[in-house]
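A short worksheet on the structure shown next.
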Amino acid sequence: MSGHSVAAGSLVAADYLVFALLLVVSAAIGIFYAWVSRGQQNSRDFLTGGRRLTALPVSMSLTASFMSSTTLLANPVEVYTFGAIFALFSLSYILSIVITSEVFLPVFYRLSITSTYEYLELRFNRATRLLGTALFMVQTILYTGIIIYGPALALSQVTHLDLWGGIISTGVVCTFYCTLGGLKAVVWTDVFQVGIMIAGYLSVIIKCMILKGGVAAVISDSQQGGRINIWDFDLNPLRRHTFWTLTFGGGAAWTAVNGINQAQVQRYISCKSITHARVALYINLIGLCFFLACSVLAGMCLYSFYKNCDPWSAGLVSNPDQVYPSTVSSSINALATVTIEDLVKPYTNMSEKHLTWLSKGMSVFYGVLCMAMAGLASLMGGIMQTTVTITGVLGGPLLGLFMLGIFCPFANSKGGLSGLMIGLLVAVGVCIGALIFPSPPYMTRPLPLTTEGCNFTTQGNSNWTSAILPAGPSTITSAPGHITDDILSADNWLPPSYLYFSLMGTVTAFTVGLFISLVTGGRKQRVESRLMIMKEDTTLYHMFRFFRGRVMRKTGNLDLTKNREEKTGNTNPAFNHTEMDSKKRTIIS
């Protein structure tokens, strides 16, 4: 296209109707579950759904729980700016789901715990549990503030509703149905919202395909713009996105989410059997990969549409006009759970009725707190990187602690607590260093954008794309204010990829905890087997037994003698007669 005009969007009556319908149906689900379960719920049922949920709704809730503004607003922009290499996050999803299914799920489900951090007290001590709970609460409040802020900001830019109006409308409804209906309301609201999210994604993608003339045109534009850059095996840990950072750095971050995050664990242990829980995890994997594919395709559509007139470079902002508040309710419910299970129950003797009411009160409290945090989130940086950084810095050391407890029988409380604290210090230190000394463009490698096709002028705005470097693997071009002799000097510290923050915290917490446990007499302690991973817990063990049995039957290598002896006795006459003759000789003599 020769020219491209960009105008601020606005909502029409149909958009307001969809937004209102989303909030009304979400609230109605909370009212419904509050009504049908009135007088029947204790605090455990309120927080875990009574462990009677099936795989399909739980899987959709697992998917919706972390499909927040980070996914729907930020991920397409990542593809638009850095290319389709973002699709390699699918490998991190697979890695994290397999580890969760084989390692964490069997242990947590067997223990029948309500709070993930109960495990830390059973395995280590109460101090470790309290520190883990505190880290989770800080992480979740910060995270929830960001994902409320993202869609509220988008909504405020296309309506006359101000930022706080968007924050309050989102937060109040989520708090409302979470408080009334508990986990069941959260799960079934997530199911409804998954459908809304899919419809929103597909509407944007299909509309762009129609305008651009089909999938082939979008792919061709993306190819010409350097956006089809999926395979990059550069081992440099300072690079923002490579095969290694996305697979293993992202794998550690997502394992911290799927494996030990209360919002996720609380869902899959609410299933009525461990088989349902495993199925839910793998259906969730399909959902995650589907949403990732939608994100990548949406990002390519954005580039194809704005390839000649980048609205960001021109000083204009274009955001989706949908609001998806799923993760907010998940976080509120998870915060209420850990508060009751980790900070109230161990120290009081409250009745179940009072605990249930306190659980609802905690939901209200955390809803208000997360809305307040959303207001502060406007002071933070980019949504996607900020979100991954928070979850990585605080979730990584916790993941290392849980892995230490599950895999190492000689790990003791001294090692666990020390590993968690040192892992946290390392992760926070690296994060602060990255904020002070951010990665230069030749490490992040944003792809070129232009405003040459725009038919408007923006005062006070320069075309920042002149400072953007090409994505070639070895080409580094000087640009004012970005690459200088000082930056290229070895004396300057450059941060690793933000995706490695979680992995660094995990490895540090695990190795330090292992070392300190060994030097403080950990080998002498005895640990209950139910707190450790056992071979019988894994799917691989049962698959091996199944196939081994089939092979043995087909080849005839079964020991049939044992069964025959049990049915008919020993049929060897020589042995029998010898034994009898021996007895007779003894008697005769």
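Numbers at a glance
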{"read-out": "Cβ-Cβ under 9 Å pairs, at least 6 apart or on other chains, region 445-459 side open to solvent by less than 60 Å² (accessible area, probe 1.4 Å), far side β-branched (Val, Ile, Thr) and at pLDDT 75 or above", "value": "Pro446/Thr81; Leu447/Thr81; Leu449/Thr81"}
{"read-out": "Positions within region 217-233 being open to solvent by 80 Å² or more (accessible area, probe 1.4 Å) and farther than 17 Å from Ala87 by Cα, in sequence order", "value": "Gln224"}
{"read-out": "First in region 282-301 and open to solvent by 40 Å² or more (accessible area, probe 1.4 Å), second anywhere and assigned to a helix (DSSP H, G or I), Cβ under 6 Å, 6 or more apart", "value": "Ile283/Ser59; Cys289/Ser90; Leu297/Ile205"}
{"read-out": "Residue list for region 193-216, restricted to those being open to solvent by less than 60 Å² (accessible area, probe 1.4 Å) and among the β-branched types (Val, Ile, Thr)", "value": "Val194, Ile196, Ile198, Ile205"}
{"read-out": "Lone unmet requirement of (1) open to solvent by 40 Å² or more (accessible area, probe 1.4 Å); (2) modelled with pLDDT under 70 for Leu21", "value": "(2)"}
{"read-out": "Test result for Pro106, in a helix (DSSP H, G or I), modelled with pLDDT under 90 and not polar (S, T, N, Q)", "value": "no"}
{"read-out": "Test: residue in region 489-500 that is surrounded by 10 or more Cβ atoms within 10 Å (Cβ to Cβ), assigned to a helix (DSSP H, G or I) and at pLDDT 85 or above", "value": "yes"}
{"read-out": "Filtered residues of region 109-131 (kept if part of a helix (DSSP H, G or I) and among the hydrophobic types (A, V, I, L, M, F, W, C))", "value": "Leu111, Leu120, Leu122, Ala127, Leu130, Leu131"}
{"read-out": "Filtered residues of region 501-557 (kept if among the β-branched types (Val, Ile, Thr) and either open to solvent by less than 50 Å² (accessible area, probe 1.4 Å) or assigned to a loop (DSSP other than H, G, I, E, B) (or both))", "value": "Thr506, Thr508, Val512, Ile516, Thr520, Val527, Ile533, Thr538, Thr539"}
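The values are calculated or read from the model by the stated rules, or taken from the named source; none is laboratory data. This is a predicted model, so every value here is computed, not measured. Backbone-built Cβ (ideal geometry, glycine too); neighbour counts: all protein chains shown. Note: accessible area is taken over every heavy atom of the protein model, side chains too, but ligands, DNA and RNA are not part of it. Shrake-Rupley method; radii C 1.70, N 1.55, O 1.52, S 1.80 Å.
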